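These notes concern the structure reproduced below.
The values are calculated or read from the model by the stated rules, or taken from the named source; none is laboratory data. Note that this is a predicted model, so its numbers are computed, not measured. Note that each Cβ is placed from the backbone with ideal geometry, even for glycine, and that neighbours are counted across all protein chains shown.
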């Protein structure tokens, strides 16, 4: 058996080459630097955009009329179908005319009687005037005949007024549409007693045009005023001749175009808002009073904006940044101010230039000051050549 010191010497001789090989491999690994990370870069997209504000509101009818009778009577006829479109002057309801026709005939007879009395009084006065006062007729009798003529004249006027009222009452038995629009359902059935100025028979609302009411905050109201023309400050809309568009709750785009026609005269203390109103065409009658919608008010002319994908934007606490790659491949952060999303791209309002090359893919592999291996890509914004940018 070999001595212990001989065995240790043999083991050391066997392990020494392995240790030297491992040290050499470690030195080689330290000497070789890792390759630069591959990233996708692109120039910012330039596009014409326009700032706008959005508000939720509700449609209201341009005209709204409640149909009530001016005379009392029993409802005789209904000459419309519930919910149909009517024109101004169309007959809607008819109250039983027979009592009013009889009253009209009585009024005509009363007028004729009053005229006959007037003719007799005039003839009697004429005969008395031809007589010599103090001989055949006294002054008192003559005065009485003058008074009788005046009373007869007043009676004729009173009866003629009663005749006009009887004619009006007969006309009021036919209830006609005061405006053109859509009528609702009948509130009273045939045969029921209708009370004058009390019983509601139906309602009519105008269809075209239609109005849209909304409320804006005080800051936006002041901003619109400053953008408006000073010469138009006396107009109902305070000169806010701003383009407006609207979409319904089931629509994706703002397809209805209108104009602001009125701004209220007070700001509500409790909410700090003021009421505005816009007018829209409604030839097909699709827009209905009471319907909700969202209105879009353009606040500035279209201007060129820079846009990048959301994947290119990083966050550092409360600041936003993008990595810009220089000509030598070095990536450095640029802190930016962001706007809203337009056509799937994020608007950059400050901190970025049109000529910058921005990392749009592989942001997690980039560190400030390192070199990267950029691959060109084209960032694109869909939609039309001109878009809108919302601020509300």
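Below are the figures for this structure:
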{"read-out": "Odd one out for residue 24, checked against (1) farther than 30 Å from residue 212 by Cα; (2) buried (at least 17 other Cβ atoms within 10 Å of the Cβ); (3) at pLDDT below 95", "value": "(2)"}
{"read-out": "Test: residue 111 is in contact with a helix residue (DSSP H, G or I) (Cβ under 7 Å, 6 or more places away or on another chain), assigned to a loop (DSSP other than H, G, I, E, B), surrounded by 15 or more Cβ atoms within 10 Å (Cβ to Cβ) and in the same structural domain as residue 165 (by TED's automatic domain parsing)", "value": "no"}
{"read-out": "Sole residue being surrounded by 15 or more Cβ atoms within 10 Å (Cβ to Cβ), closer than 15 Å to residue 194 by Cβ, in contact with a strand residue (DSSP E or B) (Cβ under 8 Å, 6 or more places away or on another chain) and in contact (Cβ under 8 Å) with a residue 60 or more places away in the chain, chosen from 71, 86, 65", "value": "71"}
{"read-out": "Lone unmet requirement of (1) modelled with pLDDT under 90; (2) crowded, with 18+ Cβ neighbours inside 10 Å; (3) under 29 Å from the mean Cα position of the chain (by Cα) for residue 293", "value": "(1)"}
{"read-out": "Unmet requirement for residue 106, which otherwise passes all of (1) closer than 30 Å to residue 175 by Cβ; (2) out of contact with any strand residue (DSSP E or B) (no Cβ under 7 Å at 6 or more places or on another chain); (3) at pLDDT below 95", "value": "(3)"}
{"read-out": "Index of the failed condition, residue 118 passing every other in (1) modelled with pLDDT of 90 or more; (2) under 30 Å from residue 340 (Cα atoms)", "value": "(2)"}
{"read-out": "Strands (runs of 3 or more DSSP E) within segment 252-321 that include 2 or more residues without any contact (Cβ under 8 Å) to a residue 60 or more places away in the chain and assigned by TED's automatic domain parsing to the domain that holds residue 48", "value": "314-316"}
{"read-out": "Any chance residue 93 is under 30 Å from residue 154 (Cβ atoms), touching a strand residue (DSSP E or B) at 6+ places or on another chain (Cβ under 9 Å) and surrounded by 13 or more Cβ atoms within 10 Å (Cβ to Cβ)", "value": "no"}
{"read-out": "Residues that are at pLDDT below 50, exposed (fewer than 14 other Cβ atoms within 10 Å of the Cβ) and part of a strand (DSSP E or B), drawn from segment 361-392", "value": "386"}
{"read-out": "Condition broken by residue 342, with the remaining ones in (1) under 21 Å from residue 39 (Cβ atoms); (2) within 29 Å of the chain's Cα centre (by Cα) satisfied", "value": "(1)"}
{"read-out": "Conditions (1) part of a helix (DSSP H, G or I); (2) at pLDDT 95 or above; (3) surrounded by 13 or more Cβ atoms within 10 Å (Cβ to Cβ); number of the one not met by residue 175", "value": "(1)"}
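Every residue, every condition in (1) in a helix (DSSP H, G or I); (2) closer than 21 Å to residue 98 by Cα; (3) modelled with pLDDT of 90 or more; (4) assigned by TED's automatic domain parsing to the domain that holds residue 93, yes or no:
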| site | (1), (2), (3), (4) |
| --- | --- |
| 140 | yes, no, no, yes |
| 150 | yes, no, yes, yes |
| 153 | yes, no, yes, yes |
| 159 | yes, yes, yes, yes |
| 171 | yes, yes, yes, yes |
| 179 | no, no, yes, yes |
